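Since the structure comes first, as structure tokens, the remarks are kept for the end.
The values are calculated or read from the model by the stated rules, or taken from the named source; none is laboratory data. Predicted, not measured: the structure shown is a model, and the values here were computed from it. Cβ: placed from backbone, ideal geometry, glycine included. Neighbour counts: every protein chain shown.
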Amino acid sequence: MPKKCLLQFLLGFEMTTLTADIENKTAVDVATVENVATAINKPAALKADGNTFNIVRLTASLLVIFAHCFPLLAKPDKSGYGEWQGAVAVWVFFIISGFLITGSYLHNRNLVNFVCNRVLRVWPALIAVTLISVFIIGPCVTNLSPGAYFANPATYLYLDNMKLLWVHYNLPGVFDNNHYPHAVNGSLWSIPLEILMYLSTCILGVAGVLHRRHLALALWTILFISGLPGICPANFDKWQPIPWLGTMASMTYPVLFYCTGSLLYLWKDKIRPSIALALILLVGSGICASQVGFYVGLTFLMPLGVLTFALTPTRSNILSKLGDYSYGIYLWAFPVQQLLVHFFPRMSFWQLFISASVLAIVCGAISWHLIEKPCLSLKKKIAKLKLNWGRPAKTV
């Protein structure tokens, strides 16, 4: 082959190789850029039991303890914010519950699995705290003799709390001399309402509403308008369109917050997890609540802010590894506080708050590891059963 032809051949080969390398490199770079862009634009993974959710729930549990210190010590709340902190904490529980329970329903194979999972989550810890309250706490602190205590029908009436049909707060002779007398566990009022919300989720799911988010938005709007109490708390009764809702304010707010959390799950693809954005939304809801738009600020901006924060990924996974102690803390905090006041009636506010928080966390940890977690492990066994009754879940 002539030298000129050989040179052209070699140059052509090198150019072809170089062109191929450039094309391959370009393709790799483009793919890399596309992957990075996808990663940036893709919403963060929505983990139902993410570490940030545990942080929010733990904070809400401690806020409930803080708020209860005022009435349990018979101390006036001069700031006026103590009671609201407790209410907001409970509302946060309902927001997160609405979000997670709706997701649980949509990702369960059928209705039977969903109901079994809810039973395993709620009842075991509730049964434990009820039995211990009646048969251990009651006899230890009652003013009655053991014989009179166990002969009193009211003692066994308290066991009806396990049915979650109606809440009984008192045990005979128990905490009669406390600053806040008689009440054994004032936090139980929200549990039957929570179960009612689970039932509503089942009904809406079977009816297909949870599979049609625009329909769900329309129903939420009707609920929002029907419960509209006006622009500030002082005008609640005056601006309430439906009179009987005014007397059920403590119930209507948690219901609306649960429904808002449920609705936001159906639109979760529009939520961009961000701590900075969450803070803006929460501050905005606080400004609305204190100035004008009380109802709008609390029932829309606050749930959006709470979930924007709760869905934010975090590198720390300590709380996730430890478990979800919040439910156990919530169940045990009130009786723990009453016991502390019973034995140490001269405790200061901060002494009660700190000691009750530590003991409630310990009780919550024991409840989680010895009762709740072992019961929840039965979910996998139930899931393996061929329970085909109920509307299958569909993606939203």
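Are any of the residues in the stretch 289-309 assigned to a helix (DSSP H, G or I), surrounded by fewer than 15 Cβ atoms within 10 Å (Cβ to Cβ) and either modelled with pLDDT of 75 or more or touching a strand residue (DSSP E or B) at 6+ places or on another chain (Cβ under 8 Å) (or both)? Reasoning before the result, please.
Applying the first criterion (assigned to a helix (DSSP H, G or I)) to the stretch 289-309 yields 289-290, 294-309.
Applying the additional criterion that residues be surrounded by fewer than 15 Cβ atoms within 10 Å (Cβ to Cβ) yields 290.
Okay, now just the ones that are also either modelled with pLDDT of 75 or more or touching a strand residue (DSSP E or B) at 6+ places or on another chain (Cβ under 8 Å) (or both), so none.
No, because not a single residue in the stretch 289-309 is assigned to a helix (DSSP H, G or I), surrounded by fewer than 15 Cβ atoms within 10 Å (Cβ to Cβ) and either modelled with pLDDT of 75 or more or touching a strand residue (DSSP E or B) at 6+ places or on another chain (Cβ under 8 Å) (or both).
Are there helices (runs of 4 or more DSSP H) fully within the stretch 347-396 with at least 1 residues that are modelled with pLDDT of 95 or more and over 24 Å from the mean Cα position of the chain (by Cα)? List them.
Correct list: 349-367.
Residues LEU72, LEU131: which one is buried (at least 20 other Cβ atoms within 10 Å of the Cβ), more than 21 Å from LEU210 (Cα to Cα) and either aromatic (Phe, Trp, Tyr) or over 21 Å from the mean Cα position of the chain (by Cα) (or both)?
The unique qualifying residue is LEU72.
Return the pairs, sorted by first residue and then second, in which the second residue is surrounded by 17 or more Cβ atoms within 10 Å (Cβ to Cβ) and not polar (S, T, N, Q), the first residue lies in the stretch 122-151 and is free of Cβ contacts under 8 Å to residues at least 24 places away in the same chain, the beta carbons are less than 8 Å apart, and the residues are 6+ apart or on different chains.
PRO139/TYR149; PRO146/PRO139; PHE150/PRO139
Hey, any hits in the stretch 75-89 for a residue that's of a type in the set (Phe, Trp, Tyr) and at pLDDT 95 or above?
Looking for residues that are of a type in the set (Phe, Trp, Tyr) and at pLDDT 95 or above, one finds none in the stretch 75-89, hence no.
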